[in-house]
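For reference, the structure is listed below as C-alpha cells.
Every number here is computed from the coordinates shown, using simple stated rules; none is lab data. As the structure is a prediction and not an experimental result, all values here were calculated from the model. Backbone-built Cβ (ideal geometry, glycine too); neighbour counts: all protein chains shown.
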Amino acid sequence: MQPDKKIRSYDKIVIGAGLYGLYAALKCGRMRQKVLVLEYDDGPFKRATYINQARIHMGYHYPRSYATAIKSAGYFERFCKEFDFCIHSGFKQVYATATNFSWTNAAQFRRFCAAAGIMCEDVDPNRYFNDGMCDGVFLTQEYTYDAIVLKESMLEWISKVPSVEIVYGARIASIRKADEHFELDVANEGTVASDFVLNATYASTNQLISRMGYEPFKIKYELCEMILCSAAGKLNDVGITVMDGPFFSIMPFGMTGIHSLTSVTFTPHKTSFETLPTFDCQKKSLGTCSPEQLGNCNECPSRPETAWEYMSHMARKFMKPEYSFDYISSMFSMKPILKASEIDDSRPTVIRRHSVNPTFISVLSGKINTVYDLDEVLTI
Amino acid sequence: MIRDREKNFVSAIVYVRNNQEQIKGFLAKLMGVLSENFEKYEIICVDDQSQDGSVRAIKDMSNDFDSTVVSIISMGYYQGRELSMNAGVDLSIGDFVFEFDSVIMDYDPSLIMQVYRHSLKEGFDIVSAAPKRVNRRSARIFYSFFNKFAKYHMVLRPETFRILSRRSINRVHSLMVSIPYRKAVYARCGLRVDTIQYMPTIARHKVRDRAVASYKSGLAMDTIVLFTDIPGWFVNIMIFGSLFAIVFFACYMLYVVYGAGQGIRLWMVASLIVSIALCGLFTCTAIIIKYLSLIEGLVFKRQKYVIESIEKIAK
Ligand SMILES: Cc1cc2nc3c(=O)[nH]c(=O)nc-3n(C[C@H](O)[C@H](O)[C@H](O)COP(=O)(O)OP(=O)(O)OC[C@H]3O[C@@H](n4cnc5c(N)ncnc54)[C@H](O)[C@@H]3O)c2cc1C
C-alpha cells in the first residue's frame with residue numbers, strides 16, 4: 001500500500017539531531033536520499049553531543065581491556081583526520097594513577113600502554129601533584145573536540161544537501177507501523193512516513209522504543225553535571241585525568257579556552273535504574289520532563305544544585321596549588337549507561353534492528369568518535 | 001533562623017562494624033549537626049565487614065541524604081579500625097576531617113562543633129574528644145602501661161572522635177607510608193594537638209566480637225613494640241643477663257677444676273652455659289623477628305589495606 005497523498009514520505013526519518021542523527025542525515029543525503037530529521041529541542045547539539053567532556057578517546061580509559069583500547073585508537077585516528085577542524089590538540093594531556101583506591105597502578109598502566117601501542121611518557125609526579133597522591137604520571141596523546149565548531153560545519157554541509165530537511169521543536173504525537181512503512185504524526189507538521197526510521201535520541205532511546213513496543217535497551221541513567229572553569233595559570237595548556245577509580249578530570253573544553261571539570265563520584269547527581277528514565281526532579285520540571293519524554297536537563301527549572309564544592313575540593317586535594325582554576329558555570333545532561341550484559345568491548349556502539357522492512361533501528365553509543373559504526377546500517 | 005554557616009568543607013569518616021542498631025541514630029544526629037553548621041560536607045562510612053545489616057541500614061537512609069554525599073567503603077575483609085579509618089581518610093576531600101572511631105554517641109552532639117571550633121580558633125591541627133571515665137579494664141591497663149613506657153613522652157588515652165586539619169593529614173603521610181596506630185602517630189607528628197575531655201552520658205556496654213578482640217590485643221602488642229621502650233630494655237636485659245650467666249659459669253668452672261680440684265663434669269656445666277646463652281639468644285631473636293615483621297608491614301606491603309568497593313549512596 002502506498003502512503004496517503006497528504007502524507008509526506010521520505011527515504012529515511014532520523015529522530016534526534018545530536019552528532020549521530022546529523023551524521024546519518026548527512027551521509028544519506030549525500031547518497032541522494034530524501035531525509036527528514038526530527039529534533040525535539042529548538043536547535044541541534046543541545047544535549048549530550050555538546051554537554052560532555054569532549055574527550056576524543058584514545059583508549060587510555062580502559063587500562064583493563066586491551067581490546068577496547070586498540071579499537072579506540074583506530075577510531076581516534078579516523079575522527080581526528082576527518083574532523084580536524086574542530087579538534088584542539090595543542091595541550092599536554094596528563095594521565096595519572098592515584099596512589100590509593102586505583103584499580104590500576106603505575107607499572108600496570110605503563111605496561112598497558114606499551115601493549116596497546118599508545119604514547120605514554122613518564123613525568124615526575126611532583127610536577128603536577130601533591131606529595132604521595134599519584135604513583136605514576138604520564139604524558140599521553142589525546143585531544144578534545146569543539147562541539148560548537150563541529151555543529152557549524154555539520155549544518156553548513158547539510159545546507160548544501162537539499163534533500164535533507166530538519167525540523168526543530170518537533171513533537172512526535174504518535175508513531176505507528178503501517179504495512180510497509182512507519183507513520184509519524186508530528187505536531188504542526190502533519191503526518192510523515194518512511195520505511196526506514198533511525199532512533200538516535202541517546203538518553204531518550206528507550207522512550208521511543210517503548211512507544212513502538214519493541215524490546216528496550218538494558219540501561220541505567222545518570223543525571224550528570226559538567227563544570228566549566230577558567231584555568232588561566234599553569235593549568236591553561238594542561239589536561240589532567242586521575243584514574244582508575246573515584247577520581248576526577250580537568251581538561252580543555254574544545255577550543256573554548258576554558259576547562260571542563262568532572263569527577264567519577266560527583267558528576268552523576270541522580271541515578272535511575274528503571275527502563276525509562278525516572279527521576280524525582282521530573283515532578284518539579286513544570287511539565288517539561290517525564291519518564292515518557294526527557295526534557296533538556298541543562299535548561300530545566302529543577303536543575304540540581306552544583307557539586308562544585310565537591311569536585312573542586314577533590315581536584316585541589318590532588319593538584320599542586322599553582323594549577324589553579326575557578327568556577328564559571330555548570331551544565332547538565334543525561335547519560336544512559338549500558339548494563340554489563342549489553343556490553344561487548346569490541347563493539348562500543350550498540351545498534352539494534354527492531355524491525356526490518358520497514359526498518360526501525362536504534363543506535364546507542366557512549367562515545368563521539370565511534371560515529372562511524374553507523375555506516376553499516378546506513379548503506380543498506 | 002538562618003545562621004552563617006562555615007565555609008570550610010568538612011569530611012566525616014565513620015567506622016562501622018556490626019552497628020545496625022546504632023548507625024541510623026548516629027548518622028541522623030551527625031547530619032543534623034553538620035548541615036546546620038556547614039555549607040558543604042561529606043560522610044564516608046567505612047564498613048569493616050559487618051556481619052549484620054549495617055550497610056543495609058545506611059542505604060535505607062538514602063532519602064535523608066538530600067543535600068549531602070554519603071559514600072560507603074567496603075573493606076575486603078576484616079582489617080580493624082586503624083586500617084579502615086586510614087582508608088576513609090585517604091578518600092576524604094575535606095579541609096577538615098572528622099574521624100569517628102565509634103558510632104556510639106556517649107556525648108552531646110554539640111561536642112562535635114566544640115571540637116571543630118577549638119581546632120579552628122586555637123590553631124590546633126588535631127583535636128580529640130576523650131571520655132573522662134574509662135570503663136573497660138583492659139583499656140585502662142593498656143593505656144597506663146603504654147603511657148609509662150612510651151617513647152617521646154607521649155600520653156595517650158581512649159578517644160571517641162577527633163578532627164584533623166588537611167595540613168596534619170599531609171604531614172602524617174609525609175612521615176609514614178602507612179599508619180599502624182593513628183593516635184600514636186598523630187601525637188608525635190610535631191603539630192599542635194589537643195584533647196577535650198567529656199563526661200560520658202551513657203555507659204557503653206561490651207559487645208563480644210572475637211575478631212575485634214584478637215585484633216585489639218594484636219594492635220596493643222604492635223603498639224607496645226613500636227612506640228614504647230619496653231622491647232629495647234628487654235633485649236638489653238636478656239643480652240646482659242646471658243652474658244653474666246656465661247661469665248659466672250666460666251668462673252665457677254675454673255673454680256671447680258683448679259680451686260677445689262674436683263673431677264671435671266664439664267659436659268654438665270657446658271650444657272648449662274649453652275642452654276642459658278641460647279635462651280637469651282632465642283628471646284632476642286623472637287623480638288627481632290617481631291620488629292622485622294612490623295617493618296615488613298610498614299615498608300614492603302604495597303597495599304596498605306584491601307577494599308572491596310566504594311559506593312556513593314544516591315537517592
Ligand atoms: C557527562 C557526559 C560526558 C561524556 N563524555 C564523553 C567524552 O568525553 N567523549 C566522548 O566521546 N563521549 C562522551 N560522552 C558520550 C557522548 O556525549 C555521546 O555518546 C554522544 O553525544 C551521543 O550522541 P547522540 O547524537 O547519540 O546524542 P545527543 O547529542 O544527546 O542527541 C540526541 C538528540 O535526540 C533528541 N531527542 C530526544 N528525544 C527526542 C524525541 N522524542 N524526538 C526528537 N528528538 C529527540 C535530543 O534533543 C538530542 O538532541 C559523554 C556523555 C555524557 C552524558
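Averaged across the residues of A:308-315, what count of C-beta atoms belonging to other chains lies within 10 Å of each residue's C-beta?
Counting other chains' Cβ atoms within 10 Å and averaging over A:308-315 gives 4.
So in the protein assembly as shown, what percent of DSSP beta bridges are antiparallel if you round to the nearest 5?
That works out to approximately 60 percent antiparallel.
Which residue, A:N126, A:N369, A:N298, tops the fluctuation ranking in a GNM of chain A built on C-alpha contacts under 10 Å?
Top of the fluctuation ranking is A:N126.
Extension gain A:K220-A:A107, at 0.36 nm per residue separation less the Cα-Cα distance, in nm?
Taking A:K220 through A:A107 to full extension adds about 37.4 nm, to one decimal.
Once amide H atoms are built 1.01 Å from N in the peptide plane, which residues 5 or more positions from A:V37, or in another chain, come under 5 Å H to H?
Residues meeting the criterion, in which the H sits 1.01 Å from N, are A:V14, A:E165, A:I166, A:V167.
How about chain A: what cysteines have no other cysteine beta carbon under 4.7 Å from their own?
Cys with no partner Cβ under 4.7 Å: A:C28, A:C80, A:C86, A:C134, A:C224, A:C229, A:C281, A:C289, A:C297, A:C300.
Just to be sure I understand the model, the point goes 7 Å from the Cα along the line to the Cβ. What's the resulting A:K339 to A:K320 distance in nm?
Going by the 7 Å Cα→Cβ label model, 4.7 nm.
Could you tell me the distance between the Cα centroids of the stretch A:211-237 and the stretch B:1-76, to the nearest Å?
About 27 Å separates the Cα centre of the stretch A:211-237 from the one of the stretch B:1-76.
How much length would be gained if the chain were fully extended between B:Q197 and B:W233, taking 0.36 nm per residue of separation minus their Cα-Cα distance, in nm to one decimal?
9.6 nm
What is the spin-label model distance, in nm, from A:N188 to B:F244 if the labels are put 7 Å beyond Cα along the C-beta direction?
Roughly 10.3 nm, to one decimal.
Among bridges DSSP assigns within chain A, what percent are antiparallel (round to 5)?
Here the share of antiparallel DSSP bridges comes out near 70 percent.
With springs connecting C-alpha atoms under 10 Å apart, model chain B as a Gaussian network and identify which of B:F248, B:F26, B:F100 has the largest mean-square fluctuation.
Per the Cα network of chain B with a 10 Å cutoff, B:F248 tops the list.
When DSSP assigns beta bridges and you keep just the ones with both residues in chain B, what percent turn out antiparallel, to the nearest 5?
Close to 40 percent.
With r as the distance between the Cβ atoms of A:E77 and B:R210 and R0 = 51 Å, compute the FRET efficiency 1/(1 + (r/R0)^6) and round to 0.05.
Computed FRET efficiency for B:R210 and A:E77 comes out at 0.30.
For the residue pair A:I148 and B:S293, what label-to-label distance in nm results when each label sits 7 Å from Cα along the Cα-to-beta-carbon direction?
Inter-label distance under the simple model: 6.4 nm.
So if R0 is 25 Å, what FRET efficiency would A:I7 and A:M31 give, r being the distance between their Cβ atoms, rounded to the nearest 0.05?
0.65
Given a Förster distance of 45 Å, report the FRET efficiency between A:D237 and A:D375 from their Cβ-Cβ distance, rounded to the nearest 0.05.
Once rounded, the FRET efficiency stands at 0.80.
Could you give the length gained by full extension between B:R133 and B:Q20, i.e. 0.36 nm per residue of separation minus their alpha carbon distance, to one decimal place?
Here the segment from B:R133 to B:Q20 would lengthen by 38.1 nm.
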